[in-house]
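Every read-out reported here was derived from the displayed coordinates using simple, explicitly stated rules and does not represent laboratory data. Note that the coordinates shown come from a computational prediction; the quantities given were computed from them, not determined experimentally. Positions of Cβ are generated from backbone atoms using ideal geometry, with glycine treated the same way; all protein chains shown enter the neighbour counts.
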2 protein chains.
Amino acid sequence: MTDFAWTRDQFLLPDGVIYLDGNSLGPMPKAAPDRVARVLQPEWRDMLIGGWVKAGWHMMPETLGDRIAALIGAEPGHVVVGDTLSIKVYQALAAALALRPERRVILSDTGNFPSDLYMAEGLARTLGHGTRLVTVAPEDVAEALTDEVAVLMLTEVDYRTGRRHDVAALTARAHEVSALTVWDLAHSFGAVPVDLAAANVDFAAGCTYKYINAGPGAPAFIYVAPRHAEKADTALQGWQGHDAPFAFDPAYRPASKVARMRVGTPPVLQLAALDAALDVWDQVDIHDVRARSIALSERFIAGVEETCPQLRLASPRDPERRGSQVSFHFEHGYAAMQALIARGVVGDFRAPDIMRFGLTPLYIGEAEVDRAVEILAEIMKDRLWDNPDYKVKAIVT
Amino acid sequence: MTDFAWTRDQFLLPDGVIYLDGNSLGPMPKAAPDRVARVLQPEWRDMLIGGWVKAGWHMMPETLGDRIAALIGAEPGHVVVGDTLSIKVYQALAAALALRPERRVILSDTGNFPSDLYMAEGLARTLGHGTRLVTVAPEDVAEALTDEVAVLMLTEVDYRTGRRHDVAALTARAHEVSALTVWDLAHSFGAVPVDLAAANVDFAAGCTYKYINAGPGAPAFIYVAPRHAEKADTALQGWQGHDAPFAFDPAYRPASKVARMRVGTPPVLQLAALDAALDVWDQVDIHDVRARSIALSERFIAGVEETCPQLRLASPRDPERRGSQVSFHFEHGYAAMQALIARGVVGDFRAPDIMRFGLTPLYIGEAEVDRAVEILAEIMKDRLWDNPDYKVKAIVT
């Protein structure tokens, strides 16, 4: 049983802040500063170039990949850490497309995170030969899976509404038409149980700066199913993915399994912060997190609907169809969110009218949820946005 | 005039070590630990998601890009930091190829760093239509520049031998046949004067963990000449390169100028270390560094040739044709380098027989060079490699 009093104590959060934006950037684990500092001193200072071996820097993308694999139902040796989520989605998509050379369609949905769509378009243009990205409404994905589709590329949990796809069912449906799947786990990893092997997923990628709390610019990860591991091609064949990177062979020969998805020199400071963040997850059962996330979300929705009738739920009402965030439509949502943040309740806003709140049980409980509802209700009563002198400042999140 | 006593004092180096491997990973600037720690506390801890704006994290790829631009003769606003060198080379190459759609050949040389060649091959395969990488010996590059060549992709300074190409002359020659140039500055930036605008270079990329001393896994940078800036396409079109990344527009619209070469969320801890490392360079004139590097290199070569006749110079003898490293062939080079490292003289080895020494004037002077020669001479006399019991341990550098 996960001890949420203990998990709460693993983070440093500023006084007076109710942080409902851990779905954008998680808070700082207490262990992170020392872990990062250690890479600088004594490691970098004293080992210099030797740190790559003596301090284990070189293998961190793989050792951390294995720690992540254990949290997402992936086979050991089939997850590697590095780069950014956009890059890892690109690699997964390129590898998947290469396994279906006779097909030309990448299917996605209009709710996918824009960067995934941009990267897919860039890859399709580079590949040419009629390769194209087709997007449909999220509810139409199953129907759009025809035998023209090479790859189904989806984000499990919608970044705006929290709407959640059924990974196993859509993967099975894709396989029925011999399409492959690329799942983006940005809003899944650390938010909902993920079981990639059980769902028969082909490729997946995710980030670690949201629910995992690995810090600003924390690296991404990629999963390649064992059945594709020795065949997976990638358009981005960097030296760190070579079978013998330090042989400096002029001919490229991909490393065995997922290590081939490494590209360049890994960002050791960021990897150290990720290492510290994962320590918390070693003590957590994601099913406990999920149960508590649902309880907190239901409590938050009930409170908001009772006290703030102007807000309209944008997330699915069925908790099974949501991730770990709750969103509301409100025409003055931007101004309302600014006012909330000014009073210490930090959520965020997504155009055109979505107020977004992340419910993250590792450090948020009933008291924070209730207080957030109270403050939101006061703001709705104040109606600051009716005052022509009220100015809102843009925030970039 | 650069004060090399001052620059030496900006680094923490372990006692008893003569570090001649700053061309692989530079040593830690004294300012780095505090700068990195600040990102964690108070920034991440207290600002949480707000750090992207309030602490300036979001703009660091561009503000640091401008600091780098000033050091490599690039126009402000035309360098951006991020990702790894392999990724930035890929983007530069993709953009350059898109500007020469009627041509199919990427020309490079056999001395180029393998990752650049691997990435080029991956891109050529993805592009198809006969796009191909052709490599020739470094001395044959000018002659191989025909009107079939779309892009000349070279690393200015050879990572093994230190042999240096003439950037301006080869760029002019490429332009004569209407080819574009992509220059990899991995062993140039911080080692030799670089003047991209004066040399009329089209695209360039480089890393910051070698001579710039920004730490393990420090990010790369990319330069796009102003004349290509508004036309430059890139295969890797991530959300951070969008003209309005936080509008979450489903349609991709590239940012103005080099900012379009941003891909995903930037690694803020690594960027902070880079920021600290660049502070040293603000007080340095690269022409002073170059003059001192040549003096130290000549002293080192003379010392080695006088006392270690078994070693044969692998670098060009003319200092104008070298970067800031000196390499020697020696059949027992691997064992000899291990013995040197065990005695505190840290260089590195590159197969099959190259002993490589970086001469980095910011923290290396005559005394270190003379002592390194002395120790090397002793090791050559000891001939450890003749002893069948002598074991060498592999180091990964």
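For the pairs A:30/A:381; A:30/B:88; A:210/A:231; A:210/B:54; A:30/A:54; B:88/B:257, flag any whose C-alpha to C-alpha distance is greater than 27 Å. Could the numbers behind the result be given before it?
On the way: A:30/A:381 38 Å; A:30/B:88 34 Å; A:210/A:231 31 Å; A:210/B:54 19 Å; A:30/A:54 25 Å; B:88/B:257 15 Å.
Going by Cα-Cα distance, A:30/A:381; A:30/B:88; A:210/A:231 fall outside the 27 Å limit.
Each listed q (0.13, 0.17 Å⁻¹) maps to a log10 I(q)/I(0) for region B:32-281, found by the Debye formula over equal Cα scatterers with no solvent: -0.77, -1.26. Sequentially through region B:287-295, phi angles give Karplus couplings (6.51, -1.76, 1.60; θ = phi - 60°) of 5, 5, 4, 4, 4, 6, 4, 5, 4 Hz, Gly and Pro residues having no value and appearing as x. For residue A:110 and residue B:305, FRET efficiency with R0 = 51 Å and r from the beta-carbon atoms, rounded to 0.05? Here the calculated transfer efficiency is 0.15.
Going by how many other beta carbons lie within 10 Å of each one, how would you line up B:385, B:6, fewest first?
Details: B:385 18, B:6 12.
Ordered from fewest to most neighbouring Cβ atoms within 10 Å, B:385, B:6 come out as B:6, B:385.
Around the Cα centre of region A:32-281, unit charges on the Cβ atoms of Lys, Arg, Asp and Glu (plus for the first two, minus for the last two) sum to a dipole of about 520 debye.
The residue among B:110, B:53, B:93 whose Cα reaches farthest toward the positive pole of the charge dipole of region B:6-111, with charges on the beta-carbon of Lys, Arg, Asp and Glu, is B:93. Between residue A:366 and residue B:38, the simple label model (points 7 Å from Cα in the Cβ direction) yields a spacing of 4.4 nm.
DSSP bridge analysis restricted to the protein assembly as shown gives an antiparallel fraction near 55%, rounded to the nearest 5.
When the trypsin sites (Lys or Arg not before Pro) in region B:294-390 are filtered for DSSP coil states and for at most 11 other beta-carbon atoms within 10 Å of their beta-carbon, the remaining sites are B:317. If R0 is taken as 56 Å, the Cβ-Cβ distance between residue A:381 and residue B:249 corresponds to a FRET efficiency of 0.95.
Put in line by how crowded their Cβ is, counting other Cβ atoms within 10 Å and starting with the fewest, A:181, B:146 read B:146, A:181.
Across chain A, where is the longest run that never hits GluC sites (Glu not before Pro) in a DSSP loop with at most 15 other C-beta atoms within 10 Å? It would help to have the intermediate numbers written out before the result.
Numbers: sites that count: A:102, A:148, A:230, A:331.
Answer - A:1-101.
Across all directions, the shadow cast by the convex hull of the protein assembly as shown built on its C-alpha atoms averages 33.3 square nanometres. Annotation for residue B:53, label-to-label distances across the other copies: 4.9 nm (shortest first, one decimal, point 7 Å from Cα along Cα→Cβ). Give the calculated FRET efficiency between residue B:146 and residue B:321 to the nearest 0.05, with a Förster radius of 25 Å applied to their Cβ-Cβ distance. Efficiency, from the Cβ-Cβ distance: 0.50.
Think of the protein assembly as shown as a dipole: +1 on every Lys or Arg Cβ, -1 on every Asp or Glu Cβ, centred on the Cα centre; then among A:228, A:300, A:70, A:228 lies furthest on the positive end.
The calculated 222 nm mean residue ellipticity attributable to helices in chain A amounts to -10500 deg cm²/dmol, summing -39500 (n - 2.57) over DSSP H runs of n ≥ 4 and dividing by all residues. In chain A, Cα pairs under 8 Å separated by at least six residues give a relative contact order of 22 percent. Modelled this way, with points 7 Å down the Cα-to-C-beta line, the labels at residue A:256 and residue B:166 are 4.9 nm from one another.
From least to most packed, judged by other beta carbons within 10 angstrom and beginning with the fewest, A:54, A:210 follow the order A:54, A:210. Dipole orientation for chain B: of the candidates B:131, B:187, B:168, B:131 has the Cα lying most toward the positive pole (charges on Cβ; Lys, Arg +1; Asp, Glu -1). With both residues required to sit in region A:32-281, DSSP beta bridges show an antiparallel share near 40%.
For residue B:322, the residues 5 or more places off, or on other chains, whose built amide H falls under 5 Å of its own are B:164. Between A:367, A:150, A:92, the residue with the greatest mean-square fluctuation in the GNM of chain A (Cα pairs under 10 Å linked by springs) is A:367. Springs between Cα atoms under 10 Å define the GNM used for chain B, and in it the highest mean-square fluctuation of B:243, B:353, B:46 occurs at B:46.
Placing +1 on the Cβ of every Lys and Arg and -1 on the Cβ of every Asp and Glu, with no other charges, gives the protein assembly as shown a dipole of roughly 320 debye about its Cα centre.
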